[in-house]
1. Given just the C-alpha atoms of the chain, how large is their convex hull per residue in cubic angstrom?
2. Going by how many other beta carbons lie within 10 Å of each one, how would you line up PHE163, PHE297, PHE88, PHE27, fewest first?
3. What is the distance, in nm, between label points placed 7 Å from the Cα along the Cα-to-Cβ direction at PHE22 and at THR265?
4. Give the lysines whose C-alpha is closer than 16 Å to that of LYS213, dropping any in the same chain fewer than 8 places away, or say none.
5. If you bin the C-alpha pair distances of the stretch 32-106 every 10 Å from 0, what whole percents do you get?
6. Please give the contour-minus-distance gain from ASP84 to ASP346: 0.36 nm per residue of separation, less the Cα-Cα distance, rounded to one decimal in nm.
7. Calculate how steeply helix 327-340 sits against the longest principal axis of the alpha-carbon atoms of the chain, using the helix alpha-carbon long axis, and give the answer as 0 to 90 degrees to the nearest 10.
8. Enumerate the calculated ³J(HN,Hα) couplings along the stretch 202-216 in order (Karplus 6.51 cos²θ - 1.76 cosθ + 1.60, θ = phi - 60°), each rounded to whole Hz, writing x wherever the residue is Gly or Pro.
Amino acid sequence: MSQAANISVEKVKQSRISQTDFSNLEFGAVYSDHMLVSDYSDHAWNNTRIIPFQPIMMSPASSVLHYGQTIFEGMKAYRAKNGDILIFRMDAHIARLNKSCERLCIPPLDENIFMDGIHQLVQLEQDWIPNEKGCSLYLRPFVFATDEFIGVKPSSSYKFITFACPVAGYYKGTVKVIIETEYVRAAEGGIGYAKAGGNYAASLLPAKKATDKGYQQILWTDSKEHKYFEESGTMNVMFVIGDTLVTPPLSSSILAGITRDSILTIAREWGVKVEERRVSVEEVVEAHKKGLLKDAFGTGTAATITHIAAINYEGEDMVLPPAESRELSNKLNDHILGLKYGDIEDTHGWIYRIKK
Ligand SMILES: Cc1ncc(COP(=O)(O)O)c(C=O)c1O
């Protein structure tokens, strides 16, 4: 049984909030005053504390710098109309964090440290949550190995940190994507289903090449044949083919998106035909030719739904209908945002509420 977390708090002498331009927030570049920290040693998480946001000291021999034993999460706190602060599916985020930990041989986090610590951090930082619609406080929990040791083995010590960034919307508008047939993000049996730093490092070069060609995201395909879709950039991917919402099934190479699960749950409740199955490039190309490819979009915490304007395959762009005309995905996006901001009743127990 886990204990209620005992968390000490050291507040900043002077908040930086008055020097922050909330009308011009670059995603991930502005940090609130405090951060949550906990240390793992002697087989236990200890010394959980909230302290001023600050650099961390580490040895050049820290194993994480060499062997990448690190995982993270990304979730958001939203301000409801009545002033309460709402965190969307916090329990699903800790479950996924611990799944990522398991894959990378990192000891699981105590649920209370996560829940109580983040609760207290967000309460303390509530003035950092922008009021405008679409804005939120992005929370970045992460765990990394801290042993000073050169040699490939699991670390015996770790640090858990969560810091917070006030953010506006992530993507502006639609994205053009390119189907990747050379590189892979993750392979079967690898760490693709974990939110591990290494997966993102692997995506940088192909993503740069795509950007150089004028495409903002990659449509990843499977590592064996490059025949089946996996994800889109750092989002899960969904298609509407005819009247069916289709998405690749979860596997060891796909991150189990919390937005993905929320959208599938709601769509099924609405009676939409939903299929979680392998989707081939060929099927999508054929559906586009026949006028049956009604929609394609990415799903993720950062932007909820990001519409895909065009999909490039072997040098040709398949252009999709205008984003405004895509009824189902726009309705799903509005519904999920309505839940996140507390405008729509939460019938799933998805909202973690912090009273103002
Ligand atoms: C690789 C990848 N896939 C999918 C997602 C979407 O996951 P979620 O909806 O939980 O944000 C993310 C973002 O977290 C991601 O990094």
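1. Cα-based convex hull of the chain, divided per residue, equals 151 Å³.
2. The order, fewest Cβ neighbours first, is PHE27, PHE163, PHE88, PHE297.
3. With each label placed 7 Å out from Cα toward Cβ, I get 3.0 nm.
4. List returned: LYS176.
5. All Cα pairs considered, the percentages come to 14, 35, 39, 10, 2.
6. Extra length available between ASP84 and ASP346 comes to 92.9 nm.
7. 10 degrees
8. 5, 8, 5, 5, x, 5, 5, 5, 5, 4, 4, 8, x, 10, 7
Since every read-out is calculated from the coordinates, none of them should be taken as a lab result. What you are looking at is a predicted structure, and each value in this text was computed from that prediction instead of being measured. All Cβ positions, glycine included, derive from the backbone under ideal geometry; neighbour counts span all protein chains shown.
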